[in-house]
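Participant: Supplied in structure tokens, the structure appears directly below.
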Amino acid sequence: MGYLGGFLVTFRQRGKKQRNTREYAKGEGGKRDKPERLHGRHVLNRYEDGMEKCIGCELCAGVCPAKCIYVRGQDNDPADPVSPGERFGFVYEINYLRCIHCDLCVEACPTEAITESKLFEFSFTNRQDAIYTKAELVVTDDGMPQQLPWEDWTDLATVAHQSSAWVRATAPGGAAAYEGKVGWSGELGFGVKPPEAGQSGGASVGTLPYLPSAEHAGPDAHATVHEVDPEAVHEHGEGH
């Protein structure tokens with residue numbers, strides 16, 4: 001029947017009983033849960049005192065296989081430093097028309113400045129919007145990702161605390177001895193996040209309250225995380 005056969009397939013799907021396509025999850029009472037280690041849109045983190053973690057070293061740009069990251073560092077003003085180091089990221093851009101979300105940039109970053117959020121529902125109407133600048137990537141004063149007009153953050157309260165989940169579960173150099181060890185510096189709005197169990201599991205699991213600001217979620221929002229050993233926090237999380 002040639003091309004007419006394709007139309008027959010379409011006509012057979014007409015009517016509710018024959019419809020196989022499901023409506024988008026938001027029309028079914030909310031979004032589906034995302035894996036904790038989902039690679040989404042990046043954020044640039046800040047320390048708990050508000051200073052930026054990025055030191056403008058350009059390692060993320062150097063390791064990026066898609067060449068979608070552009071970074072330029074600049075010396076800090078001793079009287080008003082942006083980061084704790086000698087330099088800070090003066091220019092930081094990610095071209096999401098090129099990004100393949102491999103997150104090699106996250107692994108390469110020596111200060112844990114760049115991590116991935118769980119946002120993957122974002123679209124652009126022009127190419128300029130697809131190039132995220134530092135002003136759009138740096139987290140807000142409460143440590144939350146900035147919400148741009150073309151992004152869908154309706155599940156922010158559920159996923160915000162997972163911003164570094166897969167890196168915290170990945171031991172340095174793949175060494176199993178580091179599983180369950182806190183090697184992550186504190187993040188603005190979240191403090192020192194506990195480590196994940198890693199590949200072998202075995203870590204105890206608890207529930208800590210997560211209370212984002214009112215514009216993000218209601219008071220019942222919560223996050224499930226692993227319990228932290230205070231000695232491990234002191235030993236491995238200090239000095240970053």
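Participant: Give me the distance between the Cα centres of the range 130-188 and the range 27-103, rounded to whole Å.
Facilitator: One Cα centre to the other: 10 Å.
Participant: Under a Cβ-only charge scheme (Lys and Arg +1, Asp and Glu -1), can you give me the dipole magnitude of the range 89-162 about the Cα centre, in debye to the nearest 20?
Facilitator: Numbers: 4 positive and 13 negative charges, 55 e Å.
Dipole about the Cα centre, nearest 20: 260 debye.
Participant: Could you size up the charge dipole of the range 60-187 around its Cα centre, putting +1 on the beta carbon of Lys and Arg and -1 on that of Asp and Glu, and report it in debye to the nearest 20?
Facilitator: Details: 9 positive and 19 negative charges, 99 e Å.
For the range 60-187, the charge dipole is close to 480 debye.
Participant: Let me ask another. Given a Förster distance of 45 angstrom, what is the FRET efficiency for Asp77 paired with Arg98, based on the Cβ-Cβ distance and rounded to 0.05? Walk me through the numbers before you get to the answer.
Facilitator: On the way: r = 33 Å, r/R0 = 0.72.
In this case the efficiency is close to 0.85.
Participant: Assuming 0.36 nm per residue, please report the length gained on full extension of the stretch Val91 to Val9 beyond their Cα-Cα distance. Provide the component values of the computation, followed by the final result.
Facilitator: Values: separation 82, 0.36 × 82 = 29.52 nm, distance 5.20 nm.
Length gained between Val91 and Val9: 24.3 nm.
Participant: Around Tyr47, with a cut-off of 9 angstrom between Cβ atoms, what is the net charge of the other residues, counting Lys and Arg +1 and Asp and Glu -1?
Facilitator: On the way: positive: Arg46, Lys53; negative: Glu48, Asp49, Glu52, Glu187.
Here the count lands on -2.
Any read-out appearing in this document is the output of simple, stated calculations on the displayed coordinates, not a laboratory observation. The structure presented is a predicted model; accordingly, all values stated were derived computationally and were not measured. Glycine gets a Cβ as well: all are built from the backbone with ideal geometry, and neighbour counts include every protein chain shown.
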